[in-house]
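First comes the structure, then the notes that go with it.
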Amino acid sequence: MKILLLISSLFLITEVSAAGLGPCQGNTIRVWTQSVGYACVPRFNPVQQDPFCAYPGPGVVNPFQGFPGPLYQTQIMPWWAYQGNLYYPNVRYPGVWSYPGIESQYYPGEGQVFAAKPNVYIDSVHQNKKFSFRFISEKKPQFLATTPTLDKNLGWSGKIIEKDKFEVEDIYYDYLFYDLRLPKEKMQFTNGVCATREGAIEWMLKDLKDMKYSALSQQDFDEHWRVKIPDYPYYCIYPQYNRELDPIIPIEINLEQTTFIRSLYVLIPHKKEPDGEEYQAVPLPTKDPSEFRPGAKIQRENMFREWGVAFLGN
Amino acid sequence: MNSLLYLLLFLSFQAVAAELTISGKLNAPSDCSKKAMIWLSLDKENYNERLLLMHTEVPQSGSFKFYVKAGAYQVRASDEAGCEYLKKVQLSAESIDLEVQMVKK
(Lines give C-alpha, C1' and ligand atoms only; values in the text may rest on other atoms or scores of the structure.)
Protein backbone atom coordinates (compact mmCIF):
# COMPACT_ATOMS: atom_id res chain seq x y z
CA MET A 1 0.00 0.00 0.00
CA LYS A 2 2.83 2.38 0.93
CA ILE A 3 4.59 1.62 -2.33
CA LEU A 4 1.37 2.30 -4.23
CA LEU A 5 0.97 5.65 -2.47
CA LEU A 6 4.59 6.53 -3.17
CA ILE A 7 4.23 5.75 -6.86
CA SER A 8 1.01 7.77 -7.02
CA SER A 9 2.73 10.66 -5.27
CA LEU A 10 5.63 10.66 -7.71
CA PHE A 11 3.23 10.57 -10.65
CA LEU A 12 1.21 13.53 -9.40
CA ILE A 13 4.28 15.56 -8.45
CA THR A 14 5.54 15.10 -12.02
CA GLU A 15 2.17 16.36 -13.25
CA VAL A 16 2.44 19.48 -11.12
CA SER A 17 5.97 20.17 -12.31
CA ALA A 18 4.78 19.81 -15.87
CA ALA A 19 2.20 22.49 -15.15
CA GLY A 20 5.08 24.70 -14.08
CA LEU A 21 3.55 25.60 -10.76
CA GLY A 22 4.29 24.69 -7.16
CA PRO A 23 1.80 24.48 -4.31
CA CYS A 24 -0.40 27.53 -3.88
CA GLN A 25 0.40 29.77 -0.92
CA GLY A 26 -2.03 30.48 1.91
CA ASN A 27 -5.34 32.09 1.06
CA THR A 28 -5.04 31.20 -2.60
CA ILE A 29 -6.53 28.40 -4.60
CA ARG A 30 -5.47 26.55 -7.71
CA VAL A 31 -7.62 27.04 -10.76
CA TRP A 32 -7.32 26.02 -14.35
CA THR A 33 -8.59 27.56 -17.53
CA GLN A 34 -8.02 26.78 -21.16
CA SER A 35 -6.23 30.04 -21.82
CA VAL A 36 -4.12 30.46 -18.69
CA GLY A 37 -3.62 26.87 -17.56
CA TYR A 38 -2.93 26.42 -13.85
CA ALA A 39 -2.77 29.50 -11.67
CA CYS A 40 -3.03 30.41 -8.00
CA VAL A 41 -5.68 33.04 -7.36
CA PRO A 42 -7.15 34.41 -4.14
CA ARG A 43 -9.89 32.34 -2.60
CA PHE A 44 -13.37 33.70 -2.82
CA ASN A 45 -13.94 32.68 0.76
CA PRO A 46 -10.73 33.18 2.75
CA VAL A 47 -11.92 31.26 5.78
CA GLN A 48 -12.61 28.08 3.86
CA GLN A 49 -9.98 25.42 4.52
CA ASP A 50 -8.57 23.29 1.78
CA PRO A 51 -9.19 19.79 3.17
CA PHE A 52 -6.44 18.09 1.21
CA CYS A 53 -3.80 20.59 2.32
CA ALA A 54 -4.66 20.37 6.02
CA TYR A 55 -1.77 19.04 8.08
CA PRO A 56 -2.98 15.88 9.82
CA GLY A 57 -1.08 16.54 13.05
CA PRO A 58 2.30 16.03 14.70
CA GLY A 59 3.97 12.69 14.17
CA VAL A 60 1.82 11.83 11.18
CA VAL A 61 3.32 11.84 7.71
CA ASN A 62 0.95 13.56 5.33
CA PRO A 63 1.00 11.50 2.14
CA PHE A 64 -0.59 14.36 0.22
CA GLN A 65 2.07 16.91 1.16
CA GLY A 66 3.19 18.71 -1.99
CA PHE A 67 0.13 17.64 -3.94
CA PRO A 68 -1.76 20.31 -5.86
CA GLY A 69 -4.88 21.60 -4.17
CA PRO A 70 -8.18 20.22 -5.42
CA LEU A 71 -10.21 22.02 -8.03
CA TYR A 72 -13.35 22.78 -6.12
CA GLN A 73 -15.80 25.58 -5.72
CA THR A 74 -16.39 27.12 -2.32
CA GLN A 75 -19.79 28.34 -3.40
CA ILE A 76 -21.77 28.57 -6.61
CA MET A 77 -20.62 31.63 -8.51
CA PRO A 78 -21.40 32.93 -11.97
CA TRP A 79 -18.90 32.12 -14.72
CA TRP A 80 -17.73 35.70 -15.04
CA ALA A 81 -16.76 35.87 -11.37
CA TYR A 82 -14.37 32.94 -11.79
CA GLN A 83 -12.88 34.38 -14.94
CA GLY A 84 -12.63 37.86 -13.41
CA ASN A 85 -10.88 36.45 -10.37
CA LEU A 86 -8.24 34.95 -12.64
CA TYR A 87 -7.33 38.31 -14.03
CA TYR A 88 -8.08 40.85 -11.29
CA PRO A 89 -7.52 40.96 -7.52
CA ASN A 90 -10.65 43.03 -6.81
CA VAL A 91 -13.39 41.32 -8.78
CA ARG A 92 -15.37 40.92 -5.55
CA TYR A 93 -15.53 44.67 -5.11
CA PRO A 94 -17.68 47.15 -7.04
CA GLY A 95 -14.55 48.95 -8.28
CA VAL A 96 -11.17 50.05 -7.00
CA TRP A 97 -11.82 49.85 -3.29
CA SER A 98 -10.48 51.02 0.04
CA TYR A 99 -12.75 50.67 3.08
CA PRO A 100 -15.30 52.11 3.37
CA GLY A 101 -15.74 52.95 -0.31
CA ILE A 102 -14.59 53.42 -3.86
CA GLU A 103 -11.21 54.98 -4.58
CA SER A 104 -12.48 58.05 -6.42
CA GLN A 105 -9.17 59.11 -7.93
CA TYR A 106 -9.27 56.25 -10.43
CA TYR A 107 -12.47 57.56 -12.01
CA PRO A 108 -13.27 60.72 -13.98
CA GLY A 109 -15.63 63.46 -12.90
CA GLU A 110 -17.22 64.45 -9.65
CA GLY A 111 -19.86 63.14 -7.29
CA GLN A 112 -19.25 61.15 -4.14
CA VAL A 113 -21.87 58.52 -4.86
CA PHE A 114 -20.81 55.82 -7.29
CA ALA A 115 -23.97 54.37 -8.74
CA ALA A 116 -22.82 51.02 -10.00
CA LYS A 117 -24.82 49.29 -12.63
CA PRO A 118 -28.19 50.88 -12.77
CA ASN A 119 -29.92 48.41 -15.05
CA VAL A 120 -33.12 49.41 -16.83
CA TYR A 121 -35.61 46.62 -17.60
CA ILE A 122 -38.85 46.72 -19.54
CA ASP A 123 -42.07 44.85 -18.91
CA SER A 124 -44.51 45.67 -21.70
CA VAL A 125 -47.67 44.37 -23.28
CA HIS A 126 -46.17 45.01 -26.71
CA GLN A 127 -44.27 42.64 -28.95
CA ASN A 128 -42.85 45.43 -31.05
CA LYS A 129 -43.06 49.07 -30.02
CA LYS A 130 -40.81 52.06 -30.64
CA PHE A 131 -39.32 53.79 -27.63
CA SER A 132 -36.71 56.36 -26.68
CA PHE A 133 -35.06 56.85 -23.30
CA ARG A 134 -33.11 60.05 -22.75
CA PHE A 135 -31.09 61.65 -19.97
CA ILE A 136 -32.37 65.22 -19.87
CA SER A 137 -30.61 66.94 -16.98
CA GLU A 138 -29.27 70.43 -17.72
CA LYS A 139 -25.78 69.39 -16.79
CA LYS A 140 -24.48 66.31 -18.57
CA PRO A 141 -24.46 63.36 -16.18
CA GLN A 142 -21.08 62.07 -15.12
CA PHE A 143 -21.22 58.67 -16.76
CA LEU A 144 -18.65 56.00 -16.08
CA ALA A 145 -19.97 53.32 -18.45
CA THR A 146 -22.94 52.55 -20.68
CA THR A 147 -24.20 49.58 -22.67
CA PRO A 148 -25.13 50.14 -25.41
CA THR A 149 -23.39 53.40 -26.20
CA LEU A 150 -25.59 56.49 -25.92
CA ASP A 151 -26.56 58.38 -29.07
CA LYS A 152 -25.80 62.06 -29.61
CA ASN A 153 -28.98 63.02 -27.74
CA LEU A 154 -27.72 61.23 -24.64
CA GLY A 155 -30.21 58.45 -24.96
CA TRP A 156 -31.15 55.11 -26.38
CA SER A 157 -33.83 54.64 -28.96
CA GLY A 158 -35.11 51.59 -30.71
CA LYS A 159 -37.88 49.10 -30.11
CA ILE A 160 -39.31 47.10 -27.27
CA ILE A 161 -39.24 43.53 -28.51
CA GLU A 162 -41.04 40.44 -27.23
CA LYS A 163 -42.40 42.41 -24.26
CA ASP A 164 -39.20 42.35 -22.21
CA LYS A 165 -36.21 43.21 -24.43
CA PHE A 166 -34.80 46.31 -26.01
CA GLU A 167 -33.65 46.46 -29.60
CA VAL A 168 -31.09 49.21 -30.16
CA GLU A 169 -29.37 49.47 -33.55
CA ASP A 170 -30.67 46.00 -34.45
CA ILE A 171 -29.14 44.34 -31.38
CA TYR A 172 -31.23 42.83 -28.58
CA TYR A 173 -30.43 43.81 -25.00
CA ASP A 174 -32.04 42.29 -21.90
CA TYR A 175 -31.46 45.61 -20.14
CA LEU A 176 -29.95 49.05 -20.65
CA PHE A 177 -26.98 49.74 -18.45
CA TYR A 178 -25.18 52.79 -17.12
CA ASP A 179 -22.71 53.61 -14.36
CA LEU A 180 -22.40 57.15 -13.11
CA ARG A 181 -21.32 59.44 -10.29
CA LEU A 182 -23.96 61.38 -8.37
CA PRO A 183 -23.86 64.15 -5.76
CA LYS A 184 -24.19 62.84 -2.22
CA GLU A 185 -25.83 66.01 -0.92
CA LYS A 186 -28.93 65.37 -3.01
CA MET A 187 -29.52 61.91 -1.59
CA GLN A 188 -31.37 60.95 1.52
CA PHE A 189 -29.60 59.29 4.45
CA THR A 190 -32.49 59.09 6.90
CA ASN A 191 -34.65 56.25 5.61
CA GLY A 192 -33.17 52.81 5.49
CA VAL A 193 -32.24 49.65 7.29
CA CYS A 194 -29.09 48.04 8.67
CA ALA A 195 -28.49 44.31 8.41
CA THR A 196 -25.86 41.65 7.94
CA ARG A 197 -24.44 41.39 4.43
CA GLU A 198 -26.70 38.45 3.63
CA GLY A 199 -29.66 40.18 5.27
CA ALA A 200 -29.01 43.32 3.23
CA ILE A 201 -29.05 41.37 -0.03
CA GLU A 202 -32.25 39.61 0.99
CA TRP A 203 -33.83 42.92 1.99
CA MET A 204 -33.03 44.52 -1.37
CA LEU A 205 -34.34 41.49 -3.25
CA LYS A 206 -37.57 41.63 -1.28
CA ASP A 207 -37.83 45.35 -1.97
CA LEU A 208 -37.53 44.68 -5.71
CA LYS A 209 -40.08 41.89 -5.45
CA ASP A 210 -42.51 44.20 -3.63
CA MET A 211 -42.17 46.67 -6.48
CA LYS A 212 -42.91 43.84 -8.93
CA TYR A 213 -39.56 43.79 -10.65
CA SER A 214 -39.42 40.96 -13.17
CA ALA A 215 -37.97 37.58 -12.27
CA LEU A 216 -35.12 38.19 -14.71
CA SER A 217 -34.20 41.50 -13.13
CA GLN A 218 -34.29 40.00 -9.63
CA GLN A 219 -32.13 37.11 -10.81
CA ASP A 220 -29.60 39.49 -12.38
CA PHE A 221 -29.50 41.53 -9.18
CA ASP A 222 -28.95 38.44 -7.06
CA GLU A 223 -26.21 37.07 -9.32
CA HIS A 224 -24.34 40.32 -9.66
CA TRP A 225 -24.47 41.70 -6.16
CA ARG A 226 -23.73 38.50 -4.28
CA VAL A 227 -20.34 38.76 -5.98
CA LYS A 228 -19.81 42.50 -6.04
CA ILE A 229 -20.84 43.57 -2.53
CA PRO A 230 -17.62 43.42 -0.47
CA ASP A 231 -17.44 40.89 2.31
CA TYR A 232 -18.09 43.07 5.36
CA PRO A 233 -20.33 41.75 8.14
CA TYR A 234 -22.86 44.60 8.22
CA TYR A 235 -24.38 47.11 5.85
CA CYS A 236 -26.74 50.02 6.16
CA ILE A 237 -28.96 50.49 3.11
CA TYR A 238 -30.30 53.91 2.14
CA PRO A 239 -32.78 53.39 -0.72
CA GLN A 240 -33.08 56.25 -3.21
CA TYR A 241 -36.35 55.95 -5.07
CA ASN A 242 -38.00 58.14 -7.71
CA ARG A 243 -38.42 60.89 -5.14
CA GLU A 244 -34.63 61.33 -4.94
CA LEU A 245 -33.51 60.11 -8.37
CA ASP A 246 -35.91 61.94 -10.68
CA PRO A 247 -34.60 65.40 -9.74
CA ILE A 248 -30.93 64.34 -9.77
CA ILE A 249 -30.91 62.31 -12.95
CA PRO A 250 -34.11 63.07 -14.85
CA ILE A 251 -35.15 60.75 -17.63
CA GLU A 252 -37.55 61.26 -20.50
CA ILE A 253 -39.19 58.18 -21.96
CA ASN A 254 -40.94 58.84 -25.21
CA LEU A 255 -43.68 56.25 -25.13
CA GLU A 256 -47.32 56.47 -24.13
CA GLN A 257 -48.76 54.55 -21.20
CA THR A 258 -45.42 54.32 -19.45
CA THR A 259 -44.30 54.24 -15.83
CA PHE A 260 -40.68 54.30 -14.69
CA ILE A 261 -39.94 52.85 -11.25
CA ARG A 262 -36.48 53.55 -9.90
CA SER A 263 -34.52 52.18 -6.98
CA LEU A 264 -30.89 52.81 -6.14
CA TYR A 265 -29.57 51.33 -2.90
CA VAL A 266 -26.69 53.26 -1.35
CA LEU A 267 -24.74 50.83 0.82
CA ILE A 268 -22.47 51.79 3.71
CA PRO A 269 -20.34 48.90 5.00
CA HIS A 270 -19.67 48.40 8.70
CA LYS A 271 -16.94 46.21 10.17
CA LYS A 272 -18.97 45.68 13.33
CA GLU A 273 -22.61 45.91 14.28
CA PRO A 274 -23.71 49.53 13.79
CA ASP A 275 -24.15 51.26 17.13
CA GLY A 276 -26.24 54.41 17.35
CA GLU A 277 -24.27 55.53 20.42
CA GLU A 278 -21.04 55.76 18.42
CA TYR A 279 -20.01 58.40 15.89
CA GLN A 280 -20.97 57.45 12.34
CA ALA A 281 -19.64 59.25 9.26
CA VAL A 282 -23.05 58.64 7.71
CA PRO A 283 -25.89 58.74 10.28
CA LEU A 284 -27.61 55.43 10.86
CA PRO A 285 -31.07 55.27 9.26
CA THR A 286 -33.95 56.12 11.55
CA LYS A 287 -37.05 55.76 9.38
CA ASP A 288 -38.71 52.89 7.60
CA PRO A 289 -37.99 53.35 3.88
CA SER A 290 -40.99 51.38 2.67
CA GLU A 291 -43.38 54.33 2.91
CA PHE A 292 -41.34 56.13 0.23
CA ARG A 293 -41.24 53.11 -2.08
CA PRO A 294 -42.82 53.76 -5.49
CA GLY A 295 -46.23 52.21 -5.76
CA ALA A 296 -46.47 49.17 -7.95
CA LYS A 297 -50.21 48.58 -7.83
CA ILE A 298 -51.05 50.45 -11.01
CA GLN A 299 -49.81 48.54 -14.02
CA ARG A 300 -49.48 50.40 -17.30
CA GLU A 301 -48.76 49.15 -20.79
CA ASN A 302 -45.03 49.80 -20.46
CA MET A 303 -43.37 49.39 -17.09
CA PHE A 304 -39.76 50.49 -17.06
CA ARG A 305 -37.96 49.47 -13.89
CA GLU A 306 -34.44 50.34 -12.85
CA TRP A 307 -32.30 48.94 -10.05
CA GLY A 308 -28.83 49.91 -8.94
CA VAL A 309 -26.48 49.71 -5.98
CA ALA A 310 -24.22 52.59 -5.00
CA PHE A 311 -21.24 53.10 -2.73
CA LEU A 312 -19.61 56.25 -1.48
CA GLY A 313 -16.29 57.35 -2.85
CA ASN A 314 -13.34 58.06 -0.57
CA MET B 1 -11.80 91.11 -15.73
CA ASN B 2 -11.92 90.07 -19.38
CA SER B 3 -8.82 87.95 -18.89
CA LEU B 4 -10.50 86.16 -16.03
CA LEU B 5 -13.56 85.44 -18.17
CA TYR B 6 -11.38 84.11 -20.99
CA LEU B 7 -9.54 81.93 -18.50
CA LEU B 8 -12.80 80.54 -17.11
CA LEU B 9 -14.08 79.97 -20.65
CA PHE B 10 -10.85 78.21 -21.57
CA LEU B 11 -10.95 76.03 -18.46
CA SER B 12 -14.59 75.08 -19.00
CA PHE B 13 -13.78 74.23 -22.64
CA GLN B 14 -10.90 72.08 -21.42
CA ALA B 15 -13.18 70.34 -18.98
CA VAL B 16 -15.63 69.46 -21.76
CA ALA B 17 -12.94 68.56 -24.26
CA ALA B 18 -11.18 66.39 -21.72
CA GLU B 19 -13.87 63.69 -21.69
CA LEU B 20 -12.07 60.51 -22.58
CA THR B 21 -13.82 57.31 -23.51
CA ILE B 22 -13.07 53.78 -24.59
CA SER B 23 -15.89 52.51 -26.71
CA GLY B 24 -16.24 49.33 -28.67
CA LYS B 25 -18.36 46.83 -30.47
CA LEU B 26 -18.31 43.13 -29.76
CA ASN B 27 -17.60 40.79 -32.65
CA ALA B 28 -17.47 37.08 -31.92
CA PRO B 29 -17.39 33.98 -34.13
CA SER B 30 -20.33 31.60 -34.01
CA ASP B 31 -18.63 29.17 -31.61
CA CYS B 32 -18.41 31.88 -28.93
CA SER B 33 -21.19 32.69 -26.47
CA LYS B 34 -23.98 35.10 -27.30
CA LYS B 35 -22.78 37.42 -24.55
CA ALA B 36 -19.37 38.42 -23.27
CA MET B 37 -18.05 40.35 -20.30
CA ILE B 38 -15.96 43.39 -21.17
CA TRP B 39 -13.45 44.24 -18.43
CA LEU B 40 -11.57 47.51 -17.94
CA SER B 41 -8.53 47.49 -15.68
CA LEU B 42 -5.27 49.30 -15.08
CA ASP B 43 -2.57 48.12 -17.46
CA LYS B 44 -0.33 46.26 -15.04
CA GLU B 45 1.57 43.01 -15.42
CA ASN B 46 1.43 42.25 -11.71
CA TYR B 47 -1.86 40.58 -10.76
CA ASN B 48 -2.20 42.49 -7.51
CA GLU B 49 -1.79 45.84 -9.25
CA ARG B 50 -4.10 45.06 -12.17
CA LEU B 51 -7.10 46.71 -10.52
CA LEU B 52 -10.47 46.23 -12.14
CA LEU B 53 -12.26 49.54 -12.67
CA MET B 54 -15.50 48.48 -14.35
CA HIS B 55 -17.06 45.69 -16.37
CA THR B 56 -20.14 45.31 -18.47
CA GLU B 57 -21.97 42.45 -20.14
CA VAL B 58 -22.44 42.94 -23.87
CA PRO B 59 -24.40 40.81 -26.34
CA GLN B 60 -22.94 39.69 -29.66
CA SER B 61 -22.51 42.76 -31.94
CA GLY B 62 -23.51 45.00 -29.03
CA SER B 63 -21.72 48.19 -28.07
CA PHE B 64 -20.31 49.67 -24.87
CA LYS B 65 -18.51 52.76 -23.64
CA PHE B 66 -16.27 53.38 -20.63
CA TYR B 67 -15.56 56.94 -19.44
CA VAL B 68 -12.00 57.16 -18.13
CA LYS B 69 -9.18 59.41 -17.03
CA ALA B 70 -5.98 59.66 -19.05
CA GLY B 71 -3.82 56.62 -18.45
CA ALA B 72 -2.90 53.10 -19.49
CA TYR B 73 -5.60 50.45 -19.45
CA GLN B 74 -6.32 46.89 -20.44
CA VAL B 75 -9.59 46.11 -22.18
CA ARG B 76 -10.36 42.44 -21.95
CA ALA B 77 -13.34 40.44 -23.13
CA SER B 78 -14.15 36.90 -22.09
CA ASP B 79 -17.10 34.59 -22.34
CA GLU B 80 -18.40 31.30 -21.05
CA ALA B 81 -17.24 29.41 -24.16
CA GLY B 82 -13.58 30.33 -23.65
CA CYS B 83 -13.38 33.11 -26.23
CA GLU B 84 -11.13 36.00 -25.39
CA TYR B 85 -9.83 39.40 -26.41
CA LEU B 86 -7.17 41.64 -24.89
CA LYS B 87 -6.06 45.11 -25.91
CA LYS B 88 -3.74 47.46 -24.06
CA VAL B 89 -4.56 51.11 -24.64
CA GLN B 90 -2.95 54.36 -23.64
CA LEU B 91 -5.21 57.42 -23.48
CA SER B 92 -3.94 60.95 -23.17
CA ALA B 93 -6.03 63.34 -25.28
CA GLU B 94 -8.17 61.28 -27.63
CA SER B 95 -10.84 58.68 -27.11
CA ILE B 96 -10.53 55.20 -28.58
CA ASP B 97 -13.02 53.07 -30.43
CA LEU B 98 -12.28 49.34 -30.50
CA GLU B 99 -13.42 46.44 -32.58
CA VAL B 100 -13.52 43.71 -29.95
CA GLN B 101 -12.77 40.67 -32.06
CA MET B 102 -13.15 37.59 -29.89
CA VAL B 103 -10.97 34.55 -30.54
CA LYS B 104 -11.74 31.00 -29.49
CA LYS B 105 -8.81 29.68 -27.44
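The values are calculated or read from the model by the stated rules, or taken from the named source; none is laboratory data. None of these values were measured; they are calculated from a predicted model. We place every Cβ from the backbone using ideal geometry, glycine too, and count neighbours over all the protein chains shown. For the accessible areas, the whole protein counts, side chains as well, though only heavy atoms, and no ligand, DNA or RNA atoms are used. Shrake-Rupley method; radii C 1.70, N 1.55, O 1.52, S 1.80 Å.
With label points built 7 Å along Cα→Cβ from the Cα atoms of B:Val89 and A:Ser132, find their separation and express it in nm.
2.7
Work out, step by step, the length gained on full extension between A:Ile76 and A:Val282: first 0.36 nm times the residue separation, then minus their alpha carbon distance; give nm to one decimal. Please report the intermediate quantities before stating the final value.
Working: separation 206, 0.36 × 206 = 74.16 nm, distance 3.33 nm.
Here the segment from A:Ile76 to A:Val282 would lengthen by 70.8 nm.
When ranked by the protection proxy of mean other Cβ atoms within 10 Å per residue, highest first, what sequence do the peptides A:191-204, A:212-225 form? Mind dumping the intermediate values first?
Working: A:191-204: 18.9, A:212-225: 17.1.
By packing density, highest mean first, the sequence is A:191-204, A:212-225.
Under 18 Å from the Cα of A:Lys228, which lysines turn up, not counting those fewer than eight places away in the same chain?
A:Lys117, A:Lys271
Sequence-distant or interchain residues sharing an amide H contact under 5 Å with B:Phe64, placed H: which?
A:Thr149, B:Gly24
In square angstrom and rounded to 100, what buried accessible area do you get between chains A and B, total over both, with the probe at 1.4 Å?
Working: alone 17400 and 7210 Å², together 21290 Å².
Summed over both sides, the interface buries about 3300 Å².
So how far, in whole Å, is the C-alpha centre of segment A:91-160 from the one of segment A:215-234?
Segment A:91-160 and segment A:215-234 have Cα centres separated by 18 Å.
Over the whole of A:139-148, what's the average partner chain Cβ count within 10 Å per residue? Rounded to a whole number, please. The partial results should precede the final answer.
Working: counts 0, 2, 0, 2, 5, 7, 13, 8, 11, 9.
Rounded to a whole number, the mean comes out at 6.
Excluding same-chain residues fewer than 8 positions from A:Lys129, which lysines have a Cα within less than 23 Å of its Cα?
Once the sequence-local lysines are set aside, what remains near A:Lys129 is A:Lys152, A:Lys159, A:Lys163, A:Lys165, A:Lys212.
Per residue of segment B:23-34, what does 6.51 cos²θ - 1.76 cosθ + 1.60 with θ = phi - 60° give for ³J(HN,Hα)? Whole Hz please, x for Gly and Pro, Karplus curve as stated.
Once rounded to whole Hz, the list reads 10, x, 10, 7, 9, 10, x, 5, 7, 8, 6, 6.
For peptide A:293-305, how many partner chain Cβ atoms fall within 10 Å of a residue's Cβ, on average?
Values: counts 0, 0, 0, 0, 0, 0, 0, 0, 0, 0, 0, 0, 0.
Mean partner-chain Cβ count within 10 Å for A:293-305: 0.
Let me confirm one metric for peptide B:43-56, namely the mean number of other chain beta-carbon atoms within 10 Å of its residues' beta-carbons.
Details: counts 0, 1, 0, 1, 8, 4, 1, 4, 9, 13, 11, 10, 9, 8.
What the average comes to for B:43-56 is 6.
Pop the C-beta distance of B:Asp31 and B:Asp97 into the FRET formula with R0 = 25 Å and round what comes out to the nearest 0.05. Mind dumping the intermediate values first?
Details: r = 26 Å, r/R0 = 1.03.
E(calc), rounded to 0.05, equals 0.45.
Sort the following peptides by mean Cβ neighbour count (other Cβ atoms within 10 Å, averaged over residues), highest first: B:92-104, A:158-170, A:275-287.
Working: B:92-104: 13.8, A:158-170: 16.9, A:275-287: 11.4.
Sorting B:92-104, A:158-170, A:275-287 by mean packing, highest first, produces A:158-170, B:92-104, A:275-287.
Can you work out ³J(HN,Hα) from phi for every residue in segment A:213-221, in order, using Karplus 6.51 cos²θ - 1.76 cosθ + 1.60 and θ = phi - 60°, giving whole Hz and x for Gly and Pro?
So the J values, rounded to whole Hz, are 5, 5, 4, 4, 5, 5, 5, 4, 4.
Round to the nearest 0.05 the FRET efficiency obtained for A:Glu291 and B:Glu45 when R0 = 35 Å and r is the Cβ-Cβ distance.
Numbers: r = 52 Å, r/R0 = 1.49.
The pair A:Glu291/B:Glu45 has a calculated efficiency of 0.10.
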